[in-house]
1. According to the square roots a ≥ b ≥ c of the eigenvalues of the Cα gyration tensor, what is the shape class of the range 13-80, taking rounded for a/c under 1.5, prolate for a/b larger than b/c otherwise, and oblate for the remainder?
2. Ignoring ligands, DNA and RNA, what accessible area per residue does the range 28-87 give at 1.4 Å, in Å²?
Amino acid sequence: MSDPHAAGRRGRAPASGNSRIRQIHRWLSIVFTVTVIANFAALAQGGGAPPAWVTYAPLPPLLLLLLSGLYLFALPYLAAWRRQRTR
């Protein structure tokens with residue numbers, strides 16, 4: 001007989017789509033922070049402007065953070081809208 005709470009006792013619950021998006025959002029924030037720190041480190045070294053790839057490196061994770069953040073922000077409103085629609 002399978003225990004529905006066994007996954008939680010092993011330390012990990014089954015991942016749903018929303019929790020996966022939240023985890024991706026967390027990791028993207030770390031990547032974004034590291035790229036911004038690298039950008040400031042390159043600026044602090046002097047010697048003119050850093051290469052363009054260093055300057056623009058934070059933008060892709062920032063775009064993905066924006067999209068995942070907007071999705072996570074909209075989740076409660078979408079759930080309320082669905083609940084209201086089914087009544």
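1. Since a/c reaches 1.5 and a/b is larger than b/c, the shape of the range 13-80 is classed as prolate.
2. Details: 4680 Å² over 60 residues.
With the other protein chains kept in place, the range 28-87 gives 78 Å² per residue.
The values are calculated or read from the model by the stated rules, or taken from the named source; none is laboratory data. Keep in mind that what you see is a predicted model, and the values were worked out from it rather than measured. Keep in mind that these areas ignore ligands, DNA and RNA; they rest on the heavy atoms of the full protein, side chains included. Shrake-Rupley method; radii C 1.70, N 1.55, O 1.52, S 1.80 Å.
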